[in-house]
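Visitor: Please see the structure below; I have some questions.
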Amino acid sequence: MTATAFHDWYYNDGTSRGYHMPRIAPYHTGPFRLAIMLQDPGGPLAGSGAQGSGEIGVRNADGTARYIRNELDHFNFRYSDVVLLNALPGYGLRNTVLERQRGAIFNNEAIQRAGIDCLLVAGKSIAWPVAHLMNLNSIKTAYTHHPSIRGHNACGSNVEGKRIWREALRSLLV
């Protein structure tokens, strides 16, 4: 599937399932070597970059996107080779059992359609539970915390959290 076809499928299929979907940023062109699954694109007052741009991507104007962008730059990993996904795909969703199940079904299909070989699951409270409902048997997968200041600090310190996150990403890139 071409990147354009995948981008269109992602948005259109998510919308047809009742999600208020962000688009995938056009600079994530594929072929994709890596997907990073975060928690969600934010709620109405979250202040996420996806809220401002209407896209999920590493060039968004928020701390999470900036951090991921810096880590990809550290490994000289091209933005075109990565796609960001959300465990709860649409804006403003609640972290409920039903939404996690729906998110797992949608993300299973997204990963299959995108031809993803490696998945970084980033976020213990939402992304991990969704990933545990997914069929990831043939996908090289690493689990880590959400790449926010709060997520890093929950690992003991911001410095330690950043080290742990980088190691999880490195485990998929080597």
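The values are calculated or read from the model by the stated rules, or taken from the named source; none is laboratory data. If you're wondering where the values come from, they're calculated on a predicted model, not measured in any experiment. In this analysis, Cβ positions are derived from the backbone assuming ideal geometry, glycine residues included, and neighbour counts consider all displayed protein chains. Note: areas computed on protein heavy atoms with side chains; ligands, DNA, RNA excluded. Shrake-Rupley method; radii C 1.70, N 1.55, O 1.52, S 1.80 Å.
Visitor: If I go through segment 51-103 residue by residue, how many of them are among the charged types (D, E, K, R), open to solvent by less than 60 Å² (accessible area, probe 1.4 Å) and touching a residue at least 40 places away in the same chain (Cβ under 8 Å)?
Guide: Adding up the residues that qualify gives 2.
Visitor: Then there is this: I need the full set of residues from segment 78-88 which are of a type outside the set (D, E, K, R) and touching a Lys or Arg at 6+ places or on another chain (Cβ under 8 Å), in order please.
Guide: Those that are of a type outside the set (D, E, K, R) and touching a Lys or Arg at 6+ places or on another chain (Cβ under 8 Å): 79, 82, 87, 88.
Visitor: Here is a follow-up. Could you grab the pairs with beta carbons closer than 6 Å, sequence gap of 6+ or different chains, first residue in segment 17-42 and farther than 23 Å from residue 128 by Cα, second one surrounded by 24 or more Cβ atoms within 10 Å (Cβ to Cβ)?
Guide: Taking only residues 6 or more apart or on different chains, the pairs are 28/83.
Visitor: So, in segment 128-160, exactly how many residues are part of a strand (DSSP E or B) and more than 16 Å from residue 112 (Cα to Cα)? Full working, then the answer.
Guide: If we filter segment 128-160 for residues that are part of a strand (DSSP E or B), which is where we start, we get 140-144.
Filter once more, so that each one left must be more than 16 Å from residue 112 (Cα to Cα): 142-144.
The total comes to 3.
Visitor: Under the condition of being assigned to a helix (DSSP H, G or I) and touching a Pro at 6+ places or on another chain (Cβ under 9 Å), which residue from segment 1-30 is most open to solvent (accessible area, probe 1.4 Å)?
Guide: The extreme case among them is 4.
Visitor: Consider residue 90 against the criteria (1) at pLDDT 95 or above; (2) closer than 22 Å to residue 16 by Cβ; (3) of a type outside the set (D, E, K, R): it satisfies all of them except one. Which criterion is unmet?
Guide: Going through (1) at pLDDT 95 or above; (2) closer than 22 Å to residue 16 by Cβ; (3) of a type outside the set (D, E, K, R) one by one, residue 90 breaks only (1).
Visitor: Please find, within segment 120-172, the residue that is farthest from residue 65 (Cα to Cα) out of those that are open to solvent by 40 Å² or more (accessible area, probe 1.4 Å) and of a type in the set (A, V, I, L, M).
Guide: 133
Visitor: When you look at residue 117, is it open to solvent by less than 20 Å² (accessible area, probe 1.4 Å) and of a type outside the set (S, T, N, Q), yes or no?
Guide: Answer is no for this residue.
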